[in-house]
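Working notes for the structure below.
The values are calculated or read from the model by the stated rules, or taken from the named source; none is laboratory data. The structure presented is a predicted model; accordingly, all values stated were derived computationally and were not measured. FYI the Cβ positions are ideal-geometry reconstructions off the backbone, even for glycines, and counts take in every protein chain you see. Remember, those area values only see protein heavy atoms, side chains included, never the ligands or the DNA or RNA. Shrake-Rupley method; radii C 1.70, N 1.55, O 1.52, S 1.80 Å.
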Amino acid sequence: MLVALTILVSGLIPEDSGKTWLTLGTALVIRERGLRVSVFKPVAGHNLWYSPRTLRKSFELALLVGNDILAYYEAGLARDIKVSNPIDVATAPPDPTLYASFKDYASDFEDVSKTAVLSRIYKCRGEAVEHYVHYENVAKTTSKIQRAVKRLAKTLGAKSLAFFEVYKYMTSSQVEEDLDKCLSVLEKDSDVVFVESFNDAVTPYGGLLDSIDLLLVVAPGKVLVYKNVAALKEALRAVFKELGSLAFKSMYVVNSLKPDSSFETGFALKPGARRVHVKLFEEVVLQLLKK
């Protein structure tokens, strides 16, 4: 193959849709068939409190990492964590005793801009990685969390920077150019590249839709297959006119377009290649590869 097949995997719901398990299982099947496969997670976020393993691994690797990219890395599907996951944001829960009302606490708890304590940005064009520590949010966590975050910030050589500055970069036109460069690096050495979106965003960044060959929308127990990328872009364009950037949610794709096919997924104690992933490869991915 001269050009890699690029598959976008999106979640229908904000949390625990099953994107990572679906991607990992299908990618392992593809690799077992002798093809080169990579995974691209452009933007990732993880909560240090709920994933202490990522805290330990970030110390070990001297690189801020989250659960999803670790799963791909340990499976050999992400050879260079920085390239496969250029942007990572670590959050930590605030201390409820610092708030006058539970409403304010709950509001901050759900707001990444109020809970982001560390971030990592890798720019493939310049091959430069930077870590940042966001002390305005570190100060709102408990004392034990503060100590752990400060220790990790020192290990990472993190620079002090307000998260707003990181957010400005993440929403700029420059970020798309940087992310596209990372994707092109992965496509160069792969037959198939899976791109995992975040939460329930249909795409991690708008320009990516010009590069994909297939969309998989994952919900608990089901994966919806969309082969017509042109129709997908047209549907999103129509919703965008009405809702602006809020349109880039998978639910609008599902509301507007009927999937070409769907597959049921089952219970599993851990991610791995299963019958549904073989079926997805044979009936969808392999057919696209043969075109």
Point-charge dipole on Cβ atoms (K/R +1, D/E -1) for region 1-151, about Cα centre, debye to 20: 460 debye
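Ignoring ligands, DNA and RNA, what percent of the accessible area of region 124-169 is carbon or sulfur (1.4 Å)? Can you show the working numbers first?
Working: 1410 of 2680 Å².
After summing per-atom areas, the C and S share lands at 53 percent.
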Stokes-Einstein D (µm²/s) once Rh is taken as the Kirkwood radius of the chain over alpha-carbon pairs, at 20 °C in 1.002 mPa s: 109 µm²/s
Estimated distance in nm for a label pair at LEU269 and ASP111, the labels positioned 7 Å out from Cα along Cα-to-Cβ: 4.3 nm
Apportionment of accessible area to carbon and sulfur, region 6-108, percent (1.4 Å): 56 percent
Around SER184: net Lys/Arg minus Asp/Glu count, Cβ-Cβ under 12 Å: -2
Chymotrypsin sites (Phe, Trp or Tyr not before Pro), loop per DSSP, at most 16 other Cβ atoms within 10 Å - longest free stretch of the chain: 100-266
Rounded to the nearest 20 debye, dipole of region 156-250 from Cβ charges on Lys, Arg, Asp, Glu: 320 debye
Choice from SER261, SER119, SER17 showing the highest fluctuation, given a GNM over the chain with Cα pairs closer than 10 Å: SER261
Relative contact order [Cα under 8 Å, 6+ residues apart], the chain, whole percent: 30 percent
Farthest positive-ward along the chain dipole, Cα basis, beta-carbon charges - from LEU208, LEU156, VAL192: LEU156
Unit charges on C-beta of K, R, D, E only; dipole of the chain, Debye: 600 debye
Value at 222 nm in deg cm²/dmol, rounded to 500, when DSSP H runs of n ≥ 4 in the chain each add -39,500 (n - 2.57): -12000 deg cm²/dmol
Distance between region 226-291 and region 36-55 - C-alpha centres, whole angstrom: 22 Å
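Quick one: net charge of GLU196's neighbours, Cβ under 10 Å, K/R +1, D/E -1? Provide the component values of the computation, followed by the final result.
Values: positive: LYS19, LYS41; negative: ASP68.
It works out to a net charge of +1.
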Cα-based reach from LYS241 at 21 Å (exclusive), listing lysines while leaving out same-chain residues under 8 positions away: LYS233, LYS249, LYS258
Cleavage-rule hits (trypsin sites (Lys or Arg not before Pro)) in region 173-256: DSSP loop, at most 13 neighbouring Cβ within 10 angstrom: none
Exposure rule at most 14 other beta-carbon atoms within 10 Å, DSSP loop GluC sites (Glu not before Pro): the chain longest free segment: 128-291
Rounded accessible area per residue of the chain, 1.4 Å, Å²: 49 Å²
